[in-house]
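Here's the structure we're looking at; comments come further down.
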Amino acid sequence: SSKTFWTTTGMFPQELIIGFPKCVKISKVGIQCYLVRTLRIERSTSIDPVGFEQCVEKDLQHREGQLQMEEFTLPEFQATYLRFIIKSAFDHFVSVHRVMAEGT
């Protein structure tokens, strides 16, 4: 729902981990968020959410009063878990409204 979101507790870094029922192939990752300055996306192929490897790290553009919509087209990789690490922000609190992963 576009009316729900996850918000940080005010200190950084903050992380959000998303798990899949099994290992999947991913070629594109997207996120809709608000006030995120630096974002890192990592992946794990383990049964448990451990052993993460960095996929991408990016400084996002500040969009006053608007959601940031970022898509990352990556070389296809496998993942059981994706970890989104918000390393820094434009304010004390940020929000994540949607996360998307495309692949097979």
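Going through (1) in a strand (DSSP E or B); (2) closer than 16 Å to V96 by Cβ one by one, R63 falls short only on (1).
The set of residues from region 90-104 being open to solvent by less than 90 Å² (accessible area, probe 1.4 Å), among the charged types (D, E, K, R) and not in a loop (DSSP other than H, G, I, E, B) comprises just one member, E102.
Based on this model, can you work out whether F84 counts as aromatic (F, W, Y) and in contact with a Gly (Cβ under 8 Å, 6 or more places away or on another chain)? No; evaluated as a whole, the condition is false for this residue.
Looking across region 41-89, just one residue is crowded, with 18+ Cβ neighbours inside 10 Å, of a type in the set (G, A, S) and either in contact with a helix residue (DSSP H, G or I) (Cβ under 8 Å, 6 or more places away or on another chain) or farther than 15 Å from K25 by Cα (or both), and that is A89.
The values are calculated or read from the model by the stated rules, or taken from the named source; none is laboratory data. Computed from a predicted structure; not experimentally measured. Because the Cβ atoms are built from the backbone with ideal geometry, glycine has one as well, and the counts that use them run over all protein chains shown. Please note that ligands, DNA and RNA were not included when accessible areas were found on the heavy atoms of the full protein model with its side chains. Shrake-Rupley method; radii C 1.70, N 1.55, O 1.52, S 1.80 Å.
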